[in-house]
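Data first, discussion second: the structure below is written as structure tokens.
The values are calculated or read from the model by the stated rules, or taken from the named source; none is laboratory data. Because the structure is a prediction, the values reported are computed rather than measured. Every residue, glycine among them, receives a Cβ derived from its backbone with ideal geometry; neighbour counts consider all protein chains shown. Each accessible area value is taken on the protein alone, full model and side chains, heavy atoms only, with ligands, DNA and RNA left out. Shrake-Rupley method; radii C 1.70, N 1.55, O 1.52, S 1.80 Å.
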Amino acid sequence: MAVFNSFTFDGRNSLDSGVYITGQAVFNAPERVVEMVTVPGRNGAIAIDQGRFENIEVTYPAGCFADSQQEFAEKITTLRNELASRYTYKRLTDTYNPDEFRLGLYRSGLEASAVRYNTAGEFDIVFDCKPQRWLVSGETAQTFTQSGSITNPTLFDAKPLLAVTGSGILT
């Protein structure tokens, strides 16, 4: 049996609607917001980092197939309704990056190019995503009853949620 790549948006996997990812992995990165200032009489520009990133557009080339025109239309309608009914950012994962998740908002319309007597089609599913990628491993609570440490495995600043109970020395 073939294994198809998929995405999961707000807990619902695209394969549940018969939709699979037809394209390659999504590796794009958000744009850092940097103000470029030119100073008269000075060569080059001064880069002033604004300390943030822009949202990023994540596009999944996708497709589905069915045994009949009616089944194909039902799959497309179900997918469109499920995606469009979410009005806020929701958790978005895919099979390419199973150790990470994003917060995405479905914004685009859905235009399927039907083929094979209107029983199959391809289309793009576009999400507007927050620039961060969160580690799934970061959702696992760590409890320390004695000395221990927490290490950030990325090159970016981390903002862990810490809860301290009891007494003692904390550094």
Practice task
Set the Förster distance to 22 Å, then compute FRET efficiency between E111 and Q70 from the Cβ-Cβ distance, nearest 0.05.
Solution key: 0.70
Exercise for the section: Could you go through the stretch 40-46 in sequence order and give the Karplus-derived ³J(HN,Hα) for each residue, using 6.51 cos²θ - 1.76 cosθ + 1.60 with θ = phi - 60°, rounded to whole Hz, and x for Gly and Pro? Expected result: x, x, 10, 6, x, 10, 9
Exercise for the section: State the percentage of accessible surface on the chain attributable to carbon and sulfur atoms; use a 1.4 Å probe and exclude ligands, DNA and RNA. Expected result: 51
Practice task
Counting residues in the stretch 68-171 as N, plug N into 2.2 N^0.38 Å and put the Cα Rg over that result.
Solution key: 1.65
Exercise for the section: Kindly write out, for the stretch 154-167 in residue order, the coupling ³J(HN,Hα) from the Karplus curve 6.51 cos²θ - 1.76 cosθ + 1.60 (θ = phi - 60°), rounded to whole Hz, with x marking Gly and Pro. Expected result: 10, 8, 9, 4, 10, 10, x, 8, 10, 10, 10, 10, x, 9
Practice task
Place the peptides 11-17, 59-65 in order of packing, highest mean first, counting for every residue the other Cβ atoms within 10 Å and averaging per peptide.
Solution key: 59-65, 11-17
Handout entry: Long-range HN-HN contacts of S108 with modeled amide H, under 5 Å
Key = V126
Completion exercise
Magnitude of the Cβ-charge dipole (Lys and Arg +1, Asp and Glu -1) of the chain about the Cα centre, nearest 20 debye, reported as 400
Handout entry: lysines whose Cα lies under 24 Å from that of K159, excluding same-chain neighbours fewer than 8 positions away
Key = K90, K130
Problem - Degrees between helix 69-84 axis and first principal axis of the chain (Cα, 0 to 90, nearest 10) - result: 20
Problem - Around W134: net Lys/Arg minus Asp/Glu count, Cβ-Cβ under 12 Å - result: +2
Completion exercise
Note to self, the chain gives a 222 nm [θ] from helices alone (DSSP H runs n ≥ 4, -39500 (n - 2.57) apiece, / all residues, nearest 500) of -3000 deg cm²/dmol
Fill in the blank from the handout: Cβ-Cβ cut-off under 11 Å around R107, Lys and Arg +1, Asp and Glu -1: the net charge is -1
